[in-house]
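Since every read-out is calculated from the coordinates, none of them should be taken as a lab result. Values in this document were obtained by computation on a predicted structure and should not be read as measured data. Glycine also receives a Cβ, built like all others from the backbone with ideal geometry; neighbour counts cover every protein chain displayed.
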Amino acid sequence: MTSTRSPAWLPGPIRRIHRWLRRIERESATRPGGPYTRATEWALILSLPIGGLLAFTLDELGTVENREVVAVVRLGRASRTAPIEARSIPLEEQGRAVWRDAIPLAEVLIERRRIEYGWPFPGRASVPPPAATALPVQAPDRRVDLTDDAAIAELRSTTGSDLTGGFEAVLAVLETGRRHEAVVSAMREGAVEHRRFWPSTIALVGILWLLVFAVAAAAIRLVQATNWMARRLRRRRIITRLSHGLCPDCRYDLRAERFPKRCPECGRRIWG
């Protein structure tokens, strides 16, 4: 009777699974056995944690950033010494509305962002606070973050356009409109919200589990076929050399002795 005892060095969960597989093998009289069948069963079990690790690893590979403009604000000055003024304009008039400021400075886009991670479909997402991105009139090809003091200083030194205090003016005009309270609150807090899509993660684990198992099973069967072919060729080689009166290993001529027990050259057993 086959023993179901497992090696003591195996971890507890693996030892229980090993005993379960050995019990099935012992109690089933019609179950096909063999090392390759057992290797396939182990591949089915061990591919699950591997698929889980791959699912969480792939979270860092695929990245998709979605942006949505929720408000447009224009910054300008009545004169060179006047403070910055902010005016909110409708989204549909972005880029087409007439400037009311004597000195236009920049058009600010308030964008709500969502960054999704994972491949082939997202398993988690992060929602950073809405960004206030300024498109300066004197440098229309640049995008300046109003919360980045270094970028504002660089813009002032290269173009002379000073956007200092623009972020506070934007928040003030958005609060006055009373339509973007959640956006203003998120911009003031500056916290990043993290979300996990557990249905997507579980589906990805299942897909990777089956994929890893299919690859492992194909590799096991390939090794099995290669081993079977090697044994078949070796058997054919032995039969061919024996039929010509030669030792299967060293090709020593054995025709001088009838039914030799061992090869006198290498000591290989021939008959008996």
Give me the one-decimal nm value for the distance between modelled label points at residue 23 and residue 233, 7 Å along each residue's Cα-to-Cβ direction. 4.4 nm
Between (1) 29.5; (2) 14.1; (3) 17.5, the structure-derived mean projected area of the Cα convex hull in nm² is (1)
Relative contact order, percent, of the chain when contacts are C-alpha pairs under 8 Å separated by at least 6 residues? 16 percent
Rh (Kirkwood; distinct C-alpha pairs) - the stretch 146-236, Å: 19.9 Å
Have a look at 136, 49, 13 and tell me which one the Gaussian network model of the chain (Cα, springs below 10 Å) gives the largest fluctuation. 13
0 to 90° range, to nearest 10: angle between helix 198-243 axis and the chain longest Cα axis: 30 degrees
Can you compute the helix-only [θ] at 222 nm over the chain? Use -39500 (n - 2.57) per DSSP H run of at least 4 residues, normalise by all residues, nearest 500 deg cm²/dmol. -15000 deg cm²/dmol
Using a Gaussian network model of the chain with C-alpha springs under 10 Å, which one of 98, 173, 192 is most mobile by mean-square fluctuation? 98
Mind pulling the angle between the C-alpha long axis of helix 166-177 and the longest principal axis of the chain? Nearest 10 degrees, somewhere in 0 to 90. 80 degrees
Contour minus Cα-Cα span, residue 223 to residue 82, at 0.36 nm per residue, comes to 42.7 nm
Quickly work out the residue 154-to-residue 57 label distance, labels modelled 7 Å from Cα along the C-beta direction, and quote it in nm with one decimal. 3.6 nm
Nearest-ten-degree value, helix 149-159 long axis tilted from longest Cα axis of the chain: 60 degrees
Give the distance, in whole Å, between the Cα centre of the stretch 182-196 and the Cα centre of the stretch 233-251. 79 Å
